[in-house]
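Novice: One structure, as structure tokens, below. Some questions next.
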Amino acid sequence: MYFFKYHPLKEQLRERTFSDRDGLPYYVLFIASSTFLADYSLGTSNGIDALSASINSAVAILGIIYSYRKNGGRTGYDFMQKSIVLGWVVIFRLMPFILLTGFVSYCIDQALGYPIESRSWVSIVLSALFMTFYYQRLGRHIQDTNRHNGEQGDTPDAARNAATVIP
């Protein structure tokens, strides 16, 4: 994994020798750090914010690994492309659930007397449950893209080659 060098990485990408397995650490770090920074409000944070950011980052890491395995692991293909494209549809379809979860969290926090402007254990639990459900659905849909006639691990090249064979 490269942190500062572009050239060897760009060469691998240009030559198409950069596999999904090579990209997995980059993707995990990108999503986990983005999740952490989005959840952890710098400057006005407290212990609950740090706990929430840490839990959600851990769920994101485990969710990506789960989805990667559902994609076929090392034998899978186009993992990041599938994650982004299918992830968009999954998150869009879960929008009513997101709104309902926010409303439920607000109602429970109000009933328990928690201040609206801060996080509570309720929002942490509901957020972690939502993210877990999101990654479960994403992994399921990614897995569906790998099935062809009941077999796992077919690649686009294999399907294309099979289609061009003359009987």
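Novice: Enumerate the pairs (first residue in region 95-107 and within 14 Å of TYR134 (Cα to Cα); second residue anywhere and aliphatic (A, V, I, L, M) and assigned to a helix (DSSP H, G or I)) with beta-carbon separation below 6 Å, excluding pairs fewer than 6 apart on the same chain, so at least 6 apart or on different chains.
Specialist: THR101/LEU126
Each row is one residue, and each column tells you yes or no for (1) within 20 Å of MET131 (Cα to Cα); (2) in contact (Cβ under 8 Å) with a residue 24 or more places away in the chain; (3) of a type outside the set (Val, Ile, Thr).
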{"residue": "TYR6", "(1), (2), (3)": "no, no, yes"}
{"residue": "LYS10", "(1), (2), (3)": "no, no, yes"}
{"residue": "ARG14", "(1), (2), (3)": "no, no, yes"}
{"residue": "PHE18", "(1), (2), (3)": "no, no, yes"}
{"residue": "VAL28", "(1), (2), (3)": "yes, yes, no"}
{"residue": "ILE48", "(1), (2), (3)": "yes, yes, no"}
{"residue": "GLY63", "(1), (2), (3)": "yes, yes, yes"}
{"residue": "ARG74", "(1), (2), (3)": "no, yes, yes"}
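Novice: Can you go through TYR40, TYR68 and tell me which one is surrounded by 14 or more Cβ atoms within 10 Å (Cβ to Cβ) and touching a residue at least 40 places away in the same chain (Cβ under 8 Å)?
Specialist: Answer to the check: TYR68.
Novice: Follow-up question, since we're still on this one. Among the residues of region 120-148, write down those that are under 23 Å from LEU100 (Cα atoms), among the hydroxyl-bearing types (Ser, Thr, Tyr) and at pLDDT below 95.
Specialist: Passing the criteria: SER120, SER123, SER127.
Novice: Residues in region 105-126 that are closer than 16 Å to SER57 by Cβ and touching an Asp or Glu at 6+ places or on another chain (Cβ under 8 Å): how many?
Specialist: Count: 2.
Novice: Scanning region 72-84 for residues that are farther than 15 Å from ILE31 by Cβ and of a type outside the set (Ser, Thr, Tyr), which turns out surrounded by the most Cβ atoms within 10 Å (Cβ to Cβ)?
Specialist: Applying the first criterion (farther than 15 Å from ILE31 by Cβ) to region 72-84 yields 72-78.
If we keep only those that are of a type outside the set (Ser, Thr, Tyr) as well, we get 72-74, 76, 78.
On the way: GLY72: 19, GLY73: 14, ARG74: 12, GLY76: 23, ASP78: 15.
Checking each candidate, the answer is GLY76.
Novice: Is it the case that GLY23 is part of a helix (DSSP H, G or I) and closer than 21 Å to PHE130 by Cβ?
Specialist: So GLY23 does not fit the description; no.
Novice: Does region 93-100 contain at least one residue that is closer than 20 Å to LEU37 by Cβ, of a type outside the set (Lys, Arg) and at pLDDT below 95?
Specialist: Among the residues of region 93-100, at least one is closer than 20 Å to LEU37 by Cβ, of a type outside the set (Lys, Arg) and at pLDDT below 95, which makes the answer yes.
Novice: Are any residues in region 109-125 free of Cβ contacts under 8 Å to residues at least 24 places away in the same chain and among the polar types (S, T, N, Q), and if so, which ones?
Specialist: Passing the criteria: only GLN110.
The values are calculated or read from the model by the stated rules, or taken from the named source; none is laboratory data. This is a predicted model, so every value here is computed, not measured. Glycine gets a Cβ as well: all are built from the backbone with ideal geometry, and neighbour counts include every protein chain shown.
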